Amino acid sequence: MNPCQRRGGVAQDRAARLSARGVKEEWTRLVSDRAAGKLHAYVHIPFCARRCVYCHHHTQTLQRGALQAYCGRLLSQVRFYEDAFSRTPISSLFVGGGTPAVLSCRQIEAVFSCYMAAFPFRDDAVRTFEFTPGTVEAEKVRLLRQLGFSRVSMGVQTFGAATLQAMNRGDQSPRSVSRAADILHRAGFPHGFNLDLLAGFSGVEDALTSFESAARLEPSQITVNLLDRHPDGARKENLVRLHDDFIELAEKLPSLAADLGYGFRPVLGALRLLPTDPDWTFSRRGADGRLAPHMYGWRDTDDVRPLRRRNSVFAIGHSARSYLLGRAIIWEDTKAGNGFDPESCSYAVRRLPFLRCGRDIYSANFP
Ligand code: SF4
């Protein structure tokens, strides 16, 4: 169960729906209003090579035919929505999943050359594409640079061999991560690359040593995601253990990170790591001692969490959430083989509480 469903003020709108044409009209109205806040974009690719045991995102294991058909549905959505945004520059794009890099070069080119041509971007827009270590290939990375992507985020989670096995990520190794990091360094993305780690799965020691291993690869950012403390059926003692782990990590990580040349970027004025945060992001310190800019796109920069109503996220893809005027708008049609037909498809609408944590803003973990 994700936070959206747990909290008050959301479930009561469960039955509300909008047609695709209705959604497009609302976007057109919103972006023509000069008072509208920033516009961010998200594309969801719900396929992975294998399923990690802790994952609650909307994704499925890879089926080649399904992937190709899905690209067709994404293209239909791009063409349907492009004129709604033709004069409104997008501030950031995040392509996530799932594992977007399971797309072939051909599929990436087909979808994202069309996407980049359809929607205008601000000059300083951060455009991020997600990888796992095993999917990083020099050719794919070069193509993304050519298409205008400026940043990569790579899910590593841990460097511990036993933990990787337990996570069902046994195809990953420190060597495969190091190889992928080399390719990303050589590609020279203007906004660098981020490594994602997961804390809470295998104790404090695993998280600290994984952070050290990640820092040795010199990414521009390291994001430590905290394992969801509220999975369905979670046992009480497990919640207590996780909470204790996060308190200990919040005390130890900042000084370890500082020794390794990374600094904690506070979000919304927080002065220290909070064990209740969904994640902690560390940026690399440059030769001048300053932290690299925080390049996370919309997720935790200036404005999203408290001012959701003034900032919007335009999302395409199955179960991806758009955020529009304080509501989440979700295309729930996840059956393989179903196309995107603007005449017949409809979206679920959920009203959001005013203050929300940023965790699910770009995730697509709607069941
Ligand atoms: S954690 Fe990432 S790679 Fe693993 S199944 Fe979930 S989306 Fe896929």
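For the reader, a short list of remarks on this structure follows.
A quick yes/no check of all residues on (1) crowded, with 20+ Cβ neighbours inside 10 Å; (2) within 16 Å of the ligand (Cβ to nearest atom); (3) in contact (Cβ under 8 Å) with a residue 60 or more places away in the chain:
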{"site": "P120", "(1), (2), (3)": "no, no, no"}
{"site": "D123", "(1), (2), (3)": "no, no, no"}
{"site": "V141", "(1), (2), (3)": "yes, no, no"}
{"site": "V156", "(1), (2), (3)": "yes, yes, no"}
{"site": "Q172", "(1), (2), (3)": "yes, yes, no"}
{"site": "S176", "(1), (2), (3)": "no, yes, no"}
{"site": "H185", "(1), (2), (3)": "no, no, no"}
{"site": "P190", "(1), (2), (3)": "no, no, no"}
{"site": "S210", "(1), (2), (3)": "yes, yes, no"}
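- Residue within segment 305-312 that is at pLDDT 70 or above, over 22 Å from R151 (Cα atoms) and not acidic (D, E) present: no
- F129 falls short of the stated requirement of being among the hydrophobic types (A, V, I, L, M, F, W, C), touching a residue at least 12 places away in the same chain (Cβ under 8 Å) and more than 16 Å from the ligand (Cβ to nearest atom).
- Restricting A199, A161 to those that are crowded, with 21+ Cβ neighbours inside 10 Å, at negative phi, small (G, A, S) and not assigned by TED's automatic domain parsing to the domain that holds Y42 reduces the list to A199.
- Test for G98: is it modelled with pLDDT under 95, assigned by TED's automatic domain parsing to the domain that holds D33 and within 16 Å of the ligand (Cβ to nearest atom): yes
- Scanning segment 96-121 for residues that are touching a helix residue (DSSP H, G or I) at 6+ places or on another chain (Cβ under 8 Å) and of a type in the set (A, V, I, L, M, F, W, C) returns A101, V102, L103, C105, I108, A110, V111, F112, C114, M116, A118, F119.
- Restricting segment 143-154 to residues that are part of a loop (DSSP other than H, G, I, E, B) and not hydroxyl-bearing (S, T, Y), the residue that is farthest from the ligand (Cβ to nearest atom): G148
- The condition of being touching a residue at least 60 places away in the same chain (Cβ under 8 Å) and in a helix (DSSP H, G or I) holds for only one of A101, A84, that being A84.
- H57 near the ligand (Cβ under 9 Å from one of its atoms), in contact (Cβ under 8 Å) with a residue 40 or more places away in the chain and more than 18 Å from P133 (Cα to Cα): yes
- Within segment 67-78, none of the residues are farther than 19 Å from A315 by Cα, away from the ligand (no atom under 16 Å from the Cβ) and either without any contact (Cβ under 8 Å) to a residue 24 or more places away in the chain or of a type in the set (K, R) (or both).
Here is a yes/no grid of residues against (1) away from the ligand (no atom under 16 Å from the Cβ); (2) under 17 Å from the mean Cα position of the chain (by Cα); (3) modelled with pLDDT of 95 or more:
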| site | (1), (2), (3) |
| --- | --- |
| Y81 | yes, no, yes |
| S86 | yes, no, no |
| P89 | yes, no, no |
| L93 | yes, yes, no |
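- D206 meets all of the listed conditions (1) touching a residue at least 24 places away in the same chain (Cβ under 8 Å); (2) of a type outside the set (V, I, T); (3) within 14 Å of the ligand (Cβ to nearest atom); (4) surrounded by 20 or more Cβ atoms within 10 Å (Cβ to Cβ) but one, namely (3).
- Taken together, A138, A101 contain a single residue that is under 15 Å from the mean Cα position of the chain (by Cα), among the small types (G, A, S) and within 23 Å of H185 (Cβ to Cβ), which is A101.
- T59 vs. criteria at pLDDT 95 or above, crowded, with 20+ Cβ neighbours inside 10 Å and among the polar types (S, T, N, Q): no
- Counting the residues of segment 154-204 that are over 19 Å from the mean Cα position of the chain (by Cα) and among the acidic types (D, E) gives 2.
- The residue that is modelled with the highest pLDDT, among those in segment 18-49 that are surrounded by fewer than 14 Cβ atoms within 10 Å (Cβ to Cβ) and not in a helix (DSSP H, G or I), is S32.
- Filter result for the condition that a residue is in a helix (DSSP H, G or I), at pLDDT 90 or above and within 16 Å of the ligand (Cβ to nearest atom), over A166, A257: A166
- Considering each residue of segment 273-289 in turn, none proves to be acidic (D, E) and modelled with pLDDT under 60.
The values are calculated or read from the model by the stated rules, or taken from the named source; none is laboratory data. Keep in mind the model is a prediction, meaning the values are calculated, not measured. Positions of Cβ are generated from backbone atoms using ideal geometry, with glycine treated the same way; all protein chains shown enter the neighbour counts.
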